Amino acid sequence: MAKEKKEPKKPRSSSGGTLVVVESPTKAKTLTKILGPGYTVKASVGHIVDLPKSRLAIDVDAGFQPEYILVKGKAKIKKELQSLASKSERVLLASDPDREGEAIAWHLAGLLGIDPNSSCRVLFHQITKDAVLQAMDEPTPIDMDKVDAQQARRVLDRLVGYTLSPLLWKKIRYGLSAGRVQSVALTILCEREKEIEKFEPQPYWAVEVKASSDDDRRYCLKVEKRGGKSLMVKGKPLKIDSQEMAQDIYDTVHREGVRVTSFMTREGRRKAPAPLKTSTLQQEAARRLGYSPRRTMRVAQSLFEGVNVPGRGLTGLITYMRTDSLRLAPEAISTIRSTVVSLWGESYLPDKPNVFSSVGRSQDAHEAIRPTDPTLRPEDLKNVLSPEQHRLYDLIWKRTVASQMAPARIDNTVVEAESGQYGLRQKGAVVRFDGWGKVWPIDSKDDLISPAVEGESLAVDDVVMDRKETKPPARFSEASLIKTLEDEGVGRPSTYASIVETLYDRAYVEKDDDKHLVPTALGRTVDDFLLSHFSVDSVSPIVNTGFTATMEESLDEVEESKKEWVKVVSLFWEPFTHAIEEAEKAPKVPPPPPEPIGESCPECGKDLVKKRGRFGEFIACSGYPDCRYTRAILKKIGVPCPKCGQDQGGEIVQRKSKKGRVFYGCSRYPDCDYVSWNKPASHKCPECGGDMEFKGRSKTPVCASCGHKGVE
């Protein structure tokens with residue numbers, strides 16, 4: 001039986017009404033439409049008070065009491081809110097439903113003279129009419145455990161940042177900074193870079209036998225055994241480690257032929273993927289859409305706060321996007337299951353709803369990230385949302401629906417064969433029933449294999465010997481770094497995006513050509529210094545992942561009312577100050593020298609070096625200040641300029657606009673004014689002779705004139 005919809009309680013006096021304070025002006029606009037007359041909705045625009053930036057502002061001797069001041073530029077907002085609160089019969093604080101939002105509500109309560117123990121707090125996990133009306137009818141006191149957990153994190157981060165940063169100024173260079181969680185992330189990146197540098201490639205030979213049957217069934221068999229023993233190590237034939245052995249395989253196969261020893265088919269079932277939480281949303285958006293974590297969260301915020309949907313007005317399209325929960329509300333599951341049946345039939349619906357459990361602690365009061373109304377399909381909103389909103393909503397909708405669909409049934413097939421002492425194998429897969437794969441990619445890399453007959457001989461069509469080398473571990477992408485931080489228990493959903501951005505802002509990390517994260521020379525210098533004084537052997541190992549994860553658990557226990565926040569901070573502070581005192585005795589570390597680029601200065605002849613300023617890297621003369629020659633860094637992409645390259649030798653270089661957007665221009669600018677947002681290809685269009693270019697992340701060039709598509 002459907003639950004009766006409740007209207008919000010009307011104010012007891014029509015003169016005063018109810019003031020509802022939220023964080024975002026967009027959310028305020030949406031709620032104003034939903035609540036209607038009798039309610040005034042205003043935005044605090046984030047924190048209204050905070051710690052001052054100019055000093056520590058933590059009274060260590062008075063139980064680590066923070067000194068909060070009005071955020072710069074918020075005087076007008078404070079005055080307006082206080083005026084409205086004094087005239088309202090009731091004030092409800094509806095900041096975001098997480099630790100940060102709880103702290104904002106607490107600060108607002110203090111400024112507006114509200115008892116935090118009164119029913120003044122409203123939690124909106126989704127901005128839809130039904131959810132808002134229900135939440136308005138169920139106000140609660142401010143959760144002081146959440147406030148304490150947030151305050152503990154803020155105080156810890158301030159103590160670390162404002163103590164470590166001056167230490168770095170003294171020991172390395174003025175203006176550097178360090179943070180409690182960001183320093184751990186930097187160490188993870190630097191450790192990976194050291195692994196890559198120490199890596200010694202190991203040669204091996206991958207041998208594949210292309211064979212066929214009398215009735216033209218074709219196979220591509222990999223040599224994986226010799227004398228019944230595996231040649232494989234970590235999925236690669238590393239034990240085929242010489243040209244001589246590869247040649248012996250080649251000769252044996254041609255001499256002995258290939259005989260099938262078995263053909264096996266086993267039905268497998270792949271369970272539906274879990275719905276999205278903050279970390280997996282950022283990872284999937286990076287992998288499938290190319291969005292940075294910050295961009296993902298910005299777009300998700302706009303979908304959460306409200307979009308003008310025809311026939312519905314301003315409506316939040318997704319639930320709250322900062323969550324580590326995988327739970328879906330029963331009513332959402334019911335709607336999703338009905339949607340599945342209506343779109344694809346009963347066969348795509350499991351007998352019971354799929355249930356997923358989060359690893360470790362999770363705030364189960366939240367749901368996973370899902371559409372607020374699963375019946376609103378992405379195609380229904382094509383003309384309502386911006387392109388980036390639509391792509392992210394499409395991803396969230398598909399993953400949510402897939403999470404409640406039947407398992408995919410996949411036949412896993414294996415052909416095994418022999419040639420003399422060598423064993424050969426080919427794996428394949430056949431999707432018998434796509435299940436959840438109807439809406440979310442199954443990502444199966446195995447090919448379809450035709451059935452083989454045990455004992456039959458196959459004709460050898462070719463033997464391919466491919467010399468390869470083992471590769472070093474890959475650098476982290478933004479998404480894989482976030483996954484690692486989550487796996488290690490470092491950071492929380494609300495902090496993942498800011499951790500990565502802070503490393504960029506501090507010039508400790510940059511992106512390589514493949515958009516992977518590379519620690520800069522400065523980042524590695526800072527990391528080496530921190531490791532030498534705050535690693536696992538220190539009394540305060542703040543750059544150790546295990547130590548930081550334990551601190552995160554302690555903050556969770558504060559929220560769970562199992563620990564007092566002052567005690568958590570105190571237990572951290574004493575050993576940390578001892579470690580700082582020891583680090584103060586260390587000698588000054590020379591900053592990394594500017595990197596020579598192998599060119600001489602055109603004005604004085606001295607070496608040109610790469611330097612970093614407030615706007616990024618640039619080329620400068622090593623003779624500064626006597627010589628002030630500088631120029632921007634021009635990144636060549638190996639493509640001649642389509643306009644002047646053939647006649648005057650211009651080359652395409654990658655540049656950045658003032659807003660940071662990448663574009664492409666001629667190295668001879670301003671003599672040649674060729675410019676393009678799209679990356680030019682190295683050849684002309686075979687159809688019309690126009691310029692071929694790569695649009696967006698596509699690997700297939702397209703003619704800018706006639707639209708002809710080239711090959712990847």
Q.
Once the cut-off is 14 Å, how many percent of the Cα-Cα pairs in region 535-576 end up in the long-distance tail?
A. 48 percent
Q: Relative to the compact-globule scaling 2.2 N^0.38 Å, provide the ratio for the alpha-carbon radius of gyration of region 396-438.
A: 1.84
**Q.** Area of Asp487 that stays accessible when all protein chains are in place (1.4 Å probe, Å², to 10)
**A.** 100 Å²
Q) If you build the Cα gyration tensor of region 353-494 and take the root of 5 times each eigenvalue, what three semi-axes come out, in whole angstrom, biggest first? A) 41, 23, 17
Q: About the Cα centre of the chain, how large is the charge dipole given +1 on each Lys and Arg Cβ and -1 on each Asp and Glu Cβ? Please answer in debye to the nearest 20.
A: 2300 debye
Q. Where does each of Phe572, Phe263 land when they are ordered by accessible area, with a 1.4 Å probe and the largest first?
A. Phe263, Phe572
(Q) I'd like the GluC sites (Glu not before Pro) in region 209-275 restricted to DSSP loop residues with at most 11 other Cβ atoms within 10 Å, sorted by number. (A) none
Q: Give the distance, in whole Å, between the Cα centre of region 196-258 and the Cα centre of region 482-533.
A: 40 Å
Q.
If you take every DSSP beta bridge fully contained in the chain, what fraction is antiparallel? Give it as a percent rounded to 5.
A. 90 percent
Q) Which of the trypsin sites (Lys or Arg not before Pro) across region 78-110 are loop residues per DSSP, with 12 or fewer other Cβ within 10 Å? A) none
Q | Anchor Lys271: lysines whose Cα lies under 24 Å away (excluding residues fewer than 8 positions away in-chain) | A | Lys352, Lys398, Lys427, Lys438, Lys445, Lys483
Q | For region 108-258, convex hull of alpha carbons as volume per residue, Å³ | A | 321 Å³
Q | Alpha carbon centroid spacing (whole Å) that separates region 13-68 from region 438-469 | A | 61 Å
Q) What does the convex hull of the Cα atoms of the chain come to per residue, in Å³, rounded to a whole number? A) 239 Å³
Q.
Skipping prolines and chain starts, which residues have an amide H placed within reach, meaning under 5 Å, of the one on Glu651, given they are 5 or more residues away or on another chain?
A. Cys641, Ser667, Arg668
Q) Based on the Cβ-Cβ distance of Thr265 and Leu56, what FRET efficiency does E = 1/(1 + (r/R0)^6) give at R0 = 56 Å, to the nearest 0.05? A) 0.25
(Q) Suppose every Lys and Arg Cβ carries +1 and every Asp and Glu Cβ carries -1, with no other charges. What dipole size does region 362-473 come out with about its Cα centre, to the nearest 20 debye? (A) 440 debye
Q.
Ratio of alpha-carbon Rg to the 2.2 N^0.38 Å globular estimate for region 337-425, to two decimals, please.
A. 1.67
Q: Quote the charge dipole size of region 113-184 about the Cα centre in Debye, to the nearest 20; the model charges only the Cβ of Lys and Arg (+1) and of Asp and Glu (-1).
A: 860 debye
Q: State the volume of the convex hull built on the alpha-carbon positions of region 519-620, expressed per residue in Å³ and rounded to an integer.
A: 146 Å³
Q.
Going by average Cβ density within 10 Å per residue, which order do the peptides 24-32, 442-450 take, highest to lowest?
A. 24-32, 442-450
Q) Mean shadow of region 495-557, computed from the convex hull of its alpha carbons, in nm²? A) 5.3 nm²
Q | Cross-link partners of Lys53 among lysines (Cα-Cα below 16 Å; sequence separation of 8 or more within a chain) | A | Lys72, Lys74
Q: Quick one: which residues, 5 or more positions from Val41 or on another chain, have an amide H under 5 Å from its amide H? H modelled 1.01 Å from N in the peptide plane, none for Pro or chain starts.
A: Val20
Q. What share of Cα pairs, in percent, lie more than 18 angstrom apart in region 532-680?
A. 73 percent
Q) Which of the GluC sites (Glu not before Pro) found in region 80-152 are in a DSSP loop and have at most 16 neighbouring Cβ atoms, other than their own, within 10 Å? A) Glu89
Q) Got a number for the accessible area of Asp528? Probe 1.4 Å, square angstrom, nearest 10. A) 80 Å²
**Q.** Selection from Gln126, Ala105, Leu159, by position along the positive dipole direction of region 91-201 (Cβ)
**A.** Leu159
Q) Leaving out same-chain residues fewer than 8 places away, which lysines sit with a Cα under 25 Å from that of Lys611? A) Lys170, Lys171, Lys194, Lys511, Lys515, Lys588, Lys635, Lys636, Lys656, Lys658, Lys659
**Q.** Rounded to whole Hz, the Karplus (6.51, -1.76, 1.60) HN-Hα couplings of region 673-689, x for glycine and proline
**A.** 9, 4, 8, 7, 6, 9, 6, x, 8, 8, 9, 8, 5, x, 8, 10, x
Q.
What are the extents of the Cα atoms of region 425-581 along their three principal axes, in Å, largest first?
A. 75, 41, 30
Q: Sort largest first and round to whole Å: the equivalent ellipsoid semi-axes of region 12-87, each the square root of five times a Cα gyration tensor eigenvalue.
A: 32, 14, 10
(Q) Given contacts defined as C-alpha pairs under 8 Å and at least six residues apart, what's the relative contact order of region 165-247, whole-number percent? (A) 21 percent
**Q.** Translational D in µm²/s for region 230-370 (Stokes-Einstein at 10 °C, 1.306 mPa s, Kirkwood Rh from C-alpha pairs)
**A.** 78 µm²/s
Q) In terms of modelled amide H atoms, which long-range or inter-chain residues lie less than 5 Å from the amide H of Val307? A) Thr315, Gly316, Leu317
Q | Charge dipole of the chain about the Cα centre (unit charges at C-beta), most positive-ward option of His708, Ile482, Ile637 | A | His708
Q: Would you mind calculating the relative contact order of region 569-626 from Cα pairs under 8 angstrom and at least 6 residues apart, reporting the percent as a whole number?
A: 20 percent
Q) So what is the relative contact order of the chain, in percent, for Cα pairs below 8 Å that sit 6 or more residues apart? A) 13 percent
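The values are calculated or read from the model by the stated rules, or taken from the named source; none is laboratory data. Computed from a predicted model, the values in this text were never measured in an experiment. Please note: Cβ atoms are built from the backbone with ideal geometry, for glycine as well, and neighbour counts cover all protein chains shown. Accessible surface is based on the protein model in full, side chains and every heavy atom, while ligands, DNA and RNA are left aside. Shrake-Rupley method; radii C 1.70, N 1.55, O 1.52, S 1.80 Å.
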